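Accompanying notes for the structure given below.
Quick note: the coordinates plus some simple rules give every number you see, no bench work behind them. Fair warning: this is a prediction, and the values are worked out from it, not measured in the lab. Glycine gets a Cβ as well: all are built from the backbone with ideal geometry, and neighbour counts include every protein chain shown.
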Amino acid sequence: MTPWPIRSLLGLVLTLAANLCACAAVPGKDPTAGPEEPPAVGPHINAPFQAPDFGQWLGSFEHTGREVFDERFRIVAALGLQPGATVADIGAGTGLFTLLFARAVGPTGRVYAVEIAQTFLAGILERTKDYHVTNVVGVLGTRDDTGLEEASIDLAFVCDTYHHFEYPKAMLASIARALRPGGELVVIDYRRTPGLSSPWVQGHVRAGQEQVTEEIVAAGFVPLGEETFLRDNWFLRFRKADVEPSDPPRAQEQGQDSSRPPGTTVQKRCNNLILLSARRLLDVLPKHKFITN
């Protein structure tokens, strides 16, 4: 058995430690950190929904005079939902559309009610008993993620909720991941027209139809058209692009793979380097005895 100087063993150990430290410093998204994009709106916009009174919001969301409530059956009909389809109602609120979708897709379909407040989800699931539907699933999302699984839905529906997206880029990326190939995104939101829209809309809704369209297209969606029967809201349809959008130029300049989250490729290389160092160490230990000089 060939003697192995202890300083050589220490060299291997130090190499492994250095690899670990270097890889720990690789830039990547901390799973506990917030989204990398700056917020489009402040957290105040969603503060009322942190601990909502379900009954109070039921009266606010579902009453005569609110356009999307008055036109709810026409909106659902325009979607052309087929039995067996899987739909996500993102920002489901009190379940106005969730419950109608559940009936439209039938028992072989599924509807995900996505909300940031557990109170809303509990209320919606309680209402399914009155509607005699059993195909509704509650999903608790976050400020920057729908919480939906990859390739799990055929249609994402966002009604009077887009302006509540604090991190629209992150949310659109989450929606794109959740959509199956060829899946559609429908967005309905308030018309924001200076001089015509109410002071409440002007102050509450951050972007108009043109800007929202630009943001959604930049996220990799293809416009399909517009329904024009609503007066106070616009109604847009998009399809998930077959090819995922590229990362911003800054990410490409840094040599990152645009189809992966920042740091993914580099992290994999680091993991391989650590594994190689560990194997070298394990190969040495059983084959050598050690000397101290």
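Rounded, prolate or oblate for the range 55-122? Axes are the square roots of the Cα gyration tensor eigenvalues, ordered a ≥ b ≥ c, and the cut-off for rounded is a/c under 1.5. Oblate shape, in that a/c is at least 1.5 and b/c is the bigger or equal ratio.
Across the range 80-182, Cα-Cα pairs more than 24 Å apart make up 15 percent of the total. For GLY55, the shell of other residues with beta-carbons less than 12 Å away shows a net charge of -2, using +1 for Lys and Arg and -1 for Asp and Glu. One compactness figure for the range 43-240 is 0.95, namely its Cα radius of gyration divided by 2.2 N^0.38 Å.
Can you give me the Cα centroid spacing of the range 42-82 and the range 149-178 in angstrom? Each part's Cα centre sits 17 Å from the other's.
The length gained by stretching the chain between ASP232 and HIS63 to full extension, at 0.36 nm per residue less their Cα-Cα distance, is 59.3 nm. Neighbour counts of other Cβ atoms within 10 Å put HIS164, HIS63 in the fewest-to-most order HIS63, HIS164. Taking Lys and Arg as +1 and Asp and Glu as -1, the other residues whose beta-carbon sits under 15 Å from that of SER152 total -2.
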